[in-house]
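These notes concern the structure reproduced below.
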Amino acid sequence: MSTHREMKRILVTGACGQIGSELTLALREKYGGENVVAAGHRTPPGPALRDSGPFEFVDVTKRDELEAVVRRYNIDTVYHMAAVLSAAGEKNPHLAWDVNINGLYNVLEVAREHNMVRVFVPSSIAVFGPETPRDPAPQETVLRPTTMYGLTKVTGELLGNYYVRRFGLDVRGIRYPGIISSETLPGGGTTDYAVEIFYEAIQHKRYTCFVREDTVLPMMYMPDCIRATLMLMEADFARLKHHTDFNLAGLSFSAGELAAEIKKHIPEFVCEYQPDFRQQIADSWPRTVDDSAAREEWGWSPQYDLPTMVADMLEKLRRKLVAQD
Ligand code: AKB
């Protein structure tokens, strides 16, 4: 495995997105702002991201744009966070295929040609489908997703593993659950309700949730998500039996349990439920995942549970929304 180069010139694609924006800041903190290039196809959402290091406009489906940035900054590591998520992917499956498959192929090919040290390619609980055991979804199990996003994520896992075996490129990835965060809003996912509910609870004391009250999905708070991502990328390659497809558990709760926990802090809060097309996607995903491979191979263990996550989210969001007023 090509570990001869020191890992320090990093490119984050999808850096303006929900995970990419916080991951970029965490990487800049760790490796120095000038060593972490943020790439996106829209203007950075805030001064923190804009002013803490380089930013480049990159459309990952355009290989020449990607390659130009890799050359300019002598990139040796990529966190490839650009993707079209599940709900947006059902509205525009062709775009989801183009970004998630052709974009990934470009990243892997450029990484291979430039002898990169390591590439992070996120996967998702969306790789599972209705035939997967739901409680928990095992690490090794049937992967027959029913969404275009899920299908592209299964392909991404297989393609990443192929590059590990065939070309010796060190590709790593996690099957992210729904991520809950206070900085950048998620866009186009099925699990977005678990973030929207906080904004609406604080600002309007009401929320109409687009999945049923009894819908349980695997979720994770952003600090755990960032910690897991950095942990996997720093893990000893020799200890990894898996590469691109680690199940990762944080918390699992129903939409109703989340609303009830928020109500403990905001007693006037009322949550209603009006399931839409995203209910069917949620119903095709597991309720919990078995993450024993991540625990054994790189020491994963989450820190947040439902009460601590909700308390921290409300505190951070209140501060942010007051500052924006
Ligand atoms: C989505 O809902 O599409 C994403 C995911 C679980 O990958 N948050």
* Residue, nearest to Glu234 (Cα to Cα), within segment 168-223, restricted to residues that are aromatic (Phe, Trp, Tyr) and within 16 Å of the ligand (Cβ to nearest atom) -> Tyr176
* Asked: Which numbered condition trips up Asp98, out of (1) under 16 Å from His243 (Cα atoms); (2) away from the ligand (no atom under 13 Å from the Cβ)?
  -> (1)
* Any residue in segment 134-148 that is closer than 19 Å to Asn106 by Cβ and either more than 11 Å from the ligand (Cβ to nearest atom) or surrounded by fewer than 24 Cβ atoms within 10 Å (Cβ to Cβ) (or both)? -> yes
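Sort out for me the helices (runs of 4 or more DSSP H) sitting completely within segment 80-127 that have 3 or more residues that are surrounded by fewer than 20 Cβ atoms within 10 Å (Cβ to Cβ) and not assigned by TED's automatic domain parsing to the domain that holds Leu143.
Numbers: elements: 86-91, 93-97, 103-113.
No helices (runs of 4 or more DSSP H) qualify here.
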* Does Thr152 satisfy the criteria of being within 16 Å of the ligand (Cβ to nearest atom), among the polar types (S, T, N, Q), in contact (Cβ under 8 Å) with a residue 60 or more places away in the chain and in contact with a Phe, Trp or Tyr (Cβ under 7 Å, 6 or more places away or on another chain)? -> yes
* Asked: Do we find that Gly156 is under 19 Å from the mean Cα position of the chain (by Cα) and surrounded by fewer than 16 Cβ atoms within 10 Å (Cβ to Cβ) in this structure?
  -> no
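Restricting to segment 296-307, name every residue that is surrounded by fewer than 16 Cβ atoms within 10 Å (Cβ to Cβ) and either without any contact (Cβ under 8 Å) to a residue 12 or more places away in the chain or under 17 Å from the mean Cα position of the chain (by Cα) (or both).
The initial filter retains those residues of segment 296-307 that are surrounded by fewer than 16 Cβ atoms within 10 Å (Cβ to Cβ), namely 296, 299, 301, 303, 305, 307.
Glu296, Ser301 - these are the residues of segment 296-307 that are surrounded by fewer than 16 Cβ atoms within 10 Å (Cβ to Cβ) and either without any contact (Cβ under 8 Å) to a residue 12 or more places away in the chain or under 17 Å from the mean Cα position of the chain (by Cα) (or both).
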* Structure fact -> Subset of segment 63-95, residues away from the ligand (no atom under 12 Å from the Cβ) and either touching a strand residue (DSSP E or B) at 6+ places or on another chain (Cβ under 7 Å) or on the phi > 0 side of the Ramachandran plot (or both), comes to Val69, Val70, Tyr73, Asn74, Ile75, Thr77, Val78, Tyr79, His80, Ala82
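The values are calculated or read from the model by the stated rules, or taken from the named source; none is laboratory data. Every value quoted in this text rests on a predicted model; they were computed, and no experiment measured them. Cβ sites come from the backbone with ideal geometry, for glycine too, and all protein chains shown count toward neighbours.
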